[in-house]
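Working notes for the structure below.
FYI, it's all coordinate maths here, none of it is from the lab. Being a predicted model, the structure only gives us computed values, none of them experimental. Note: ideal-geometry Cβ built from the backbone for every residue, glycine included; neighbour counts use all protein chains shown.
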Amino acid sequence: MAKIVLVSGSTSRESVNTAVLETVRGILAELPGSHEAVLLPIAELPFYDVETERADSSDAVRAAKELVFGADAVVISTPSYNGEMPGVLKNALDWLSRPGGASPLKDRITAVTSASPGARGGLDAQPGLVGVLTRVGAQIVAHEPVAVGGAANLRNAQGRYEDPETVAALESLTGAVLAAVAGRAEVLV
């Protein structure tokens, strides 16, 4: 059994990135064995600042860190805001990267994907996201980029993707995550 934490870089109720992660959750549910997939609610995290960190006063931050510490892997889906990940996702990563050298993301197997209503599917946000994750010591799953373009038109009524190309790409990424968890696949260091 693998426990996977899902992180959507969007807080919108109609988020195409959350739909990507719901599709991943569905893929995991259909695989042999029992896999747990839990969505980390990044909208609940306060803006990062040193005083709040020193006071250790945020239950939401403690809960988020515990969730990631207890995970075998993390899958992040990001939109592209002006070619980068949105501030709310960067804020979550700032919290999850603390304390330096002993953060929940250090050595955590992590996969990145993106989705957007645009044709490129948020692909331009992925390098910056991978750069931050690498800097904080996450182990990035070696996989070709998965970016869901035209994503708003592809969701079904349940908020998931069914089109064969998107599902196949997400199945491949999910398989790479599980192989990395099992020690059978490469991760980028």
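Using 0.36 nm times the number of residues separating Asp56 and Arg135, minus their current alpha carbon distance, what extension gain do you get?
26.1 nm
List the residues whose amide H sits under 5 Å from the amide H of Arg155, counting only those 5 or more places along or on another chain, with H placed 1.01 Å from N in the peptide plane.
Amide H neighbours of Arg155, under 5 Å, 5+ apart: none.
How high is the relative contact order of the range 30-189, in percent, with contacts defined as C-alpha pairs under 8 Å that are six or more residues apart?
Relative contact order, the range 30-189: 20 percent.
List the chymotrypsin sites (Phe, Trp or Tyr not before Pro) in the range 9-71 that DSSP assigns to loop (not H, G, I, E or B) and whose Cβ has at most 15 other Cβ atoms within 10 Å. Which are they? Show your work: numbers first, answer last.
Numbers: sites: Phe47, Tyr48, Phe69; in loops: Phe47, Tyr48.
Counting only loop positions with at most 15 other Cβ atoms within 10 Å, the chymotrypsin sites (Phe, Trp or Tyr not before Pro) in the range 9-71 are Phe47.
Using the crude model of +1 on Lys and Arg Cβ and -1 on Asp and Glu Cβ, and no other charge, please compute the dipole size for the chain relative to its Cα centre, in debye to 20.
In debye, rounded to 20, the chain gives about 180.
Please give the helix 59-69 orientation as an angle from the longest Cα principal axis of the chain, in degrees from 0 to 90, rounded to the nearest 10.
Compared with the principal axis, the helix lies near 60 degrees.
Helix 87-96 versus the longest principal axis of the chain: what angle, 0 to 90°, nearest 10, using Cα atoms?
Its long axis makes an angle of about 60 degrees.
How much length is gained if the chain between Thr11 and Asp163 is pulled fully straight, taking 0.36 nm per residue apart and subtracting their Cα-Cα distance, in nm to one decimal?
Gain on extension, Thr11 to Asp163, equals 52.3 nm.
Per-residue ellipticity at 222 nm for the chain, helices alone: DSSP H runs ≥ 4 residues times -39500 (n - 2.57), over residue total, nearest 500 deg cm²/dmol? Provide the component values of the computation, followed by the final result.
Working: 6 runs with 70 residues, N = 189.
Helix contribution divided over all residues of the chain: -11500 deg cm²/dmol.
In the P(r) worked out for the chain, what percent of Cα pairs fall beyond 31 Å?
Here the tail beyond 31 Å accounts for 11 percent of pairs.
Between Tyr81 and Ala43, what length comes free when the chain is fully extended (0.36 nm per residue of separation minus the Cα-Cα distance, one decimal in nm)?
Length gained, Tyr81 through Ala43: 12.0 nm.
Along the charge dipole of the chain, pointing to its positive end and built from +1/-1 on Cβ of Lys, Arg, Asp and Glu, which listed residue (Ala142, Gly118, Asn82) has its Cα farthest out?
Ala142
If you keep only loop residues by DSSP, which trypsin sites (Lys or Arg not before Pro) in the range 1-58 have at most 11 other Cβ atoms within 10 Å of their Cβ?
Listed in order of number, the matching sites are Arg13.
For Ile76, which sequence-distant residues (separation of 5 or more, or a different chain) have an amide H within less than 5 Å of its own amide H, given hydrogens modelled in the peptide plane?
Residues meeting the amide H criterion: Val7, Ala111, Val112, Thr113.
Can you pull out the trypsin sites (Lys or Arg not before Pro) in the range 129-188 whose DSSP state is coil and whose Cβ has at most 12 other Cβ atoms within 10 Å?
Arg184
Within the chain, what is the longest stretch that has no GluC sites (Glu not before Pro) placed in a DSSP loop and near at most 15 other beta-carbon atoms within 10 Å? Present the calculation step by step, with values, prior to reporting the outcome.
On the way: sites that count: Glu14, Glu162, Glu186.
Here the longest segment lacking exposed loop sites spans 15-161.
Note the angle between two axes, namely the Cα long axis of helix 16-30 and the longest principal axis of the Cα atoms of the chain, as a number of degrees from 0 to 90, rounded to the nearest 10.
80
For Val146, which sequence-distant residues (separation of 5 or more, or a different chain) have an amide H within less than 5 Å of its own amide H, given hydrogens modelled in the peptide plane?
Under 5 Å from the amide H of Val146: Ser114.
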